[in-house]
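The values are calculated or read from the model by the stated rules, or taken from the named source; none is laboratory data. Quick caveat, the model's predicted, so the values are computed rather than measured. Note that we place each Cβ from the backbone using ideal geometry, even for glycine, and neighbour counts take in every protein chain shown.
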Amino acid sequence: MAQTKIGIIGGSGLYDIDGLENAAWLDVDSPFGTPSDQILTGTLDGVDMAFLPRHGRGHVHSPTSVPYRANIDALKRLGVTDVISVSACGSFREEMAPGDFVIVDQYIDRTFAREKSFFGPGCVAHVSVAHPTCTRLGAICAEAAERAGATVHRAGTYLAMEGPQFSTLAESRMYREVWGCDVIGMTGMPEAKLAREAELCYASVAMITDFDSWHPDHGEVDVTQIITTLLGNAEIGKGMVRTLPAQLSGPRAECPMGCDHALEHALITAPEARDPAVLARLDAVAGRVLTGAAR
């Protein structure tokens, strides 16, 4: 039975993990390009962990330029089993206020300038993302965030926009009133889809910094306000991360949602028609099914 290895993808405001033992920044090569940064590895309370700053240290990547495929592939190569995404977001709900955390369970993907799949010509695959996050891992994150002092909303629909500009007022109203979204951000997709393709359990913790532009009492998004709230959220986020090993330690059972077997029946291209060069790039992401590994 495999051991849990936790991967944290830190968004704006979360750039490291406090208390890691034997901490080291590692270069990880990926056939899908260079990851956002080196990956910080170590152990926390006896559990192996890996931390990747999504935008790179110093925030050098925009939401569009983040190398999402390389990031997920690199974490998979390091043996990560459970990925927790931490990111800033805006809120469309009065009751989801700045400073609150939302455990995302659904997405509407409005991004358009990003590579969204590891698969394509030479090896085609279709995975289900009807339920794009892992409910088991999400529940663990919710409990950890509450222990760290956060007000947590245990479900929410995330509108993934391309950015880097914030929404127009008309867009904000449409996402809220017509589409029924709860929060909005720029990095949730295609990250969640790629994690599913890589057979990784994935949970998204969205830290609210603002009310986007729909709220009549708050007006347009103010970056100064965002940064102030972000700093407070980041401290609680670090507290959340510190409590995760206690809940995820020990031998790892199969995911009850099937996240770790998402490719079981997903590959469509006949074995004899698969491109060897494409298969070589998929050695980490899809190695379990490409080598005929048993369940």
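For the range 99-143, which residues satisfy the criterion of being closer than 13 Å to Gly156 by Cα and among the charged types (D, E, K, R)?
Scanning the range 99-143 gives Asp100, Asp105.
Condition check ((1) buried (at least 24 other Cβ atoms within 10 Å of the Cβ); (2) within 30 Å of Glu264 (Cα to Cα); (3) in contact (Cβ under 8 Å) with a residue 60 or more places away in the chain; (4) in contact with a strand residue (DSSP E or B) (Cβ under 8 Å, 6 or more places away or on another chain)) across all residues:
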{"position": "Thr151", "(1), (2), (3), (4)": "no, no, no, yes"}
{"position": "Ala155", "(1), (2), (3), (4)": "no, yes, no, yes"}
{"position": "Glu162", "(1), (2), (3), (4)": "no, no, yes, no"}
{"position": "Gln165", "(1), (2), (3), (4)": "no, no, no, no"}
{"position": "Met174", "(1), (2), (3), (4)": "no, no, no, no"}
{"position": "Asp182", "(1), (2), (3), (4)": "yes, no, yes, yes"}
{"position": "Met189", "(1), (2), (3), (4)": "yes, yes, yes, yes"}
{"position": "Ala195", "(1), (2), (3), (4)": "yes, yes, yes, yes"}
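Would you say Phe101 is in contact with a Lys or Arg (Cβ under 9 Å, 6 or more places away or on another chain), surrounded by 17 or more Cβ atoms within 10 Å (Cβ to Cβ), modelled with pLDDT of 95 or more and not basic (Lys, Arg)?
Considered against the rule, which asks whether it is in contact with a Lys or Arg (Cβ under 9 Å, 6 or more places away or on another chain), surrounded by 17 or more Cβ atoms within 10 Å (Cβ to Cβ), modelled with pLDDT of 95 or more and not basic (Lys, Arg), Phe101 comes out as no.
What is the residue count in the range 253-276 for residues that are over 20 Å from the mean Cα position of the chain (by Cα) and surrounded by 15 or more Cβ atoms within 10 Å (Cβ to Cβ)?
The qualifying residues number 4.
Within the range 214-226, does at least one residue satisfy the condition of being among the small types (Gly, Ala, Ser) and either at pLDDT 90 or above or in a loop (DSSP other than H, G, I, E, B) (or both)?
For the range 214-226, residues among the small types (Gly, Ala, Ser) and either at pLDDT 90 or above or in a loop (DSSP other than H, G, I, E, B) (or both): present.
Which one of Met257, Met189 is among the aliphatic types (A, V, I, L, M), part of a loop (DSSP other than H, G, I, E, B) and either farther than 30 Å from Asp45 by Cα or in contact with a Phe, Trp or Tyr (Cβ under 8 Å, 6 or more places away or on another chain) (or both)?
Selected residue: Met189, the only one of Met257, Met189 that is among the aliphatic types (A, V, I, L, M), part of a loop (DSSP other than H, G, I, E, B) and either farther than 30 Å from Asp45 by Cα or in contact with a Phe, Trp or Tyr (Cβ under 8 Å, 6 or more places away or on another chain) (or both).
Can you tell me which residues in the range 25-43 are within 17 Å of Val285 (Cβ to Cβ) and in a loop (DSSP other than H, G, I, E, B)?
Those that are within 17 Å of Val285 (Cβ to Cβ) and in a loop (DSSP other than H, G, I, E, B): Val28, Asp29, Ser30, Pro31, Phe32, Gly33, Thr34, Pro35.
Evaluate the range 157-165: report whether one residue or more is of a type in the set (Phe, Trp, Tyr) and closer than 30 Å to Gly99 by Cβ.
Within the range 157-165, one or more residues are of a type in the set (Phe, Trp, Tyr) and closer than 30 Å to Gly99 by Cβ.
Could you tell me how many of the residues in the range 230-248 are over 23 Å from Asp100 (Cβ atoms) and surrounded by fewer than 16 Cβ atoms within 10 Å (Cβ to Cβ)?
Going through the range 230-248 one residue at a time, the tally reaches 1.
Could you please tell me which pairs satisfy a Cβ distance under 6 Å, a separation of 6+ or placement on different chains, a first residue in the range 99-128 that is part of a loop (DSSP other than H, G, I, E, B) and of a type in the set (D, E, K, R), and a second residue that is modelled with pLDDT under 95 and surrounded by fewer than 19 Cβ atoms within 10 Å (Cβ to Cβ)?
none
Would you please name the residue that is surrounded by the most Cβ atoms within 10 Å (Cβ to Cβ), looking only at residues in the range 106-129 that are under 16 Å from the mean Cα position of the chain (by Cα) and of a type in the set (A, V, I, L, M)?
Filtering first and then ranking leaves Val129.
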